[in-house]
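Below is one structure, written out as structure tokens; comments come after it.
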């Protein structure tokens, strides 16, 4: 990656709860993927880099290392994914773009990551769940559907965080609407 303290030169400085890459961190990410990142109403293509205890969203630069825009400590990250189990084992799972998306929420913001396929998304979910020994991973919540949560995050004017009460209400509403649909069928 070229830079050890990845967020020092970025335009978006990390909030107090966000974390810079540790001094001894390996410069090579454990995983790397090109994704669409939606914050508020803006969508951009970015590189997603997973390090030992940090998730980095970076702008790809031609002929040079990517420029980090956001460094997030895995321990501070909440990840919401659709699906009741392993990829493709439930016929009622979401289809389309929502099936390839993850909602990331941290203390001072949120975004939506859209991957090229559901399989790639599931690989990232498992990587976020199981980081190396001694490192606290992200809190991953699997719901039957995350449509309401994605809709709420996409319609915000800016990349804002959700209060815990709002997030709980959205998740509870999504679970209730899914159970009502199942009861009708």
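Read-outs throughout are calculated quantities, based only on the coordinates presented, and are distinct from any laboratory measurement. As the structure is a prediction and not an experimental result, all values here were calculated from the model. Every residue, glycine as well, gets a Cβ built from its backbone with ideal geometry; the counts of neighbours run over all protein chains shown.
Counting other Cβ atoms within 10 Å as a rough exposure proxy, the listed residues 59, 121, 151 run 151, 59, 121 from fewest neighbours to most.
Computed extension gain for residue 123 through residue 59, at 0.36 nm per residue and net of the alpha carbon distance, reaches 20.9 nm. Computed extension gain for residue 44 through residue 75, at 0.36 nm per residue and net of the alpha carbon distance, reaches 8.7 nm.
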